[in-house]
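Below is one structure, written out as structure tokens; the observations come after it.
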Amino acid sequence: MKTILIVGASRGLGRALAEEHLSRGWHVIATVRDPAALRDAPPGKLEVHTLDVTDWAGVDAFGRALKDRSLDVLFVNAGIADDKRPIGEVQPDVFARLMLTNALAPLRLIDRLVHLVPREGTVAVMSSGLGSVAGNGTGGWEAYRMSKAALNTGLKSIAARRAAEGRTYIATAPGWVRTEMGGDEAALSIEQSIPRVTDMLEKRAGAGGVAYVNYDGKDLPW
């Protein structure tokens, strides 16, 4: 039985990712902020831990609790959105919270837990198509874009620094999905996104290197 750790599985895309892997027979280790978040999850091998990714001491304690485990996939999904204002109108405390939650916290956690992932394993983050610098032709969502671009850059840096250790690193763009964060007007349902994200992860397992990939398996420009 393969094991995936999903950080940020309380709701939305993270919860769907946990449920999809349970349905495929994986052992799922899921972190949530609300201990009751996954109590009605479908049957399967599910292990739930309470964690806030910006609780630095809590992350270290969580790492110690997993010190003897092996993960086929480490997937960090935790993230927040902003209010879409132009960058000149974004309050500094809002920007700082975005960068801490969407960039520093996931990357810091990965760098502390990556040793649990063997050479043939995968490390993934839930990025966004809005994180593409080359693909930004419209502007908008500027603070959020910056946080996801920072996440992508940081993942690529970790992959480069640890290249000799093997592993596959993937920044995943799930598409614009109808969730609490994505809104009701989003183009995709969760059912149209997450199973295809999971297919992509399975297809790219063991490939090595680092990639920025859309939910449909296509590479995105950094």
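The values are calculated or read from the model by the stated rules, or taken from the named source; none is laboratory data. As the structure is a computational prediction, the values presented were derived from the model and not from experiment. Cβ coordinates were reconstructed from backbone atoms using ideal geometry, including for glycine residues, and neighbour counts include every protein chain displayed.
General remarks:
- When the stretch 81-103 is filtered for residues that are free of Cβ contacts under 8 Å to residues at least 24 places away in the same chain and under 26 Å from Leu5 (Cα atoms), only Arg97 remains.
- Close pairs (7 angstrom Cβ cut-off, 6 or more residues apart or separate chains): without any contact (Cβ under 8 Å) to a residue 24 or more places away in the chain and surrounded by fewer than 21 Cβ atoms within 10 Å (Cβ to Cβ) in the stretch 152-181, assigned to a loop (DSSP other than H, G, I, E, B) and charged (D, E, K, R) anywhere: Arg178/Asp184
- Count - residues of the stretch 37-54 that are among the aliphatic types (A, V, I, L, M) and in contact with a Phe, Trp or Tyr (Cβ under 9 Å, 6 or more places away or on another chain): 1
- Residue selected from the stretch 21-41 under the condition within 19 Å of Leu201 (Cβ to Cβ) and over 15 Å from the mean Cα position of the chain (by Cα), by the criterion surrounded by the fewest Cβ atoms within 10 Å (Cβ to Cβ): Gly25
- For the stretch 57-70, a tally of residues being surrounded by 15 or more Cβ atoms within 10 Å (Cβ to Cβ) and more than 18 Å from Thr3 (Cβ to Cβ) returns 2.
- Residue that is modelled with the lowest pLDDT [pool: residues in the stretch 189-203 that are under 14 Å from Ala173 (Cβ atoms) and surrounded by fewer than 20 Cβ atoms within 10 Å (Cβ to Cβ)]: Gln192
- Residue in the stretch 127-146 that is in a strand (DSSP E or B), in contact with a Phe, Trp or Tyr (Cβ under 9 Å, 6 or more places away or on another chain), crowded, with 16+ Cβ neighbours inside 10 Å and not acidic (Asp, Glu) present: no
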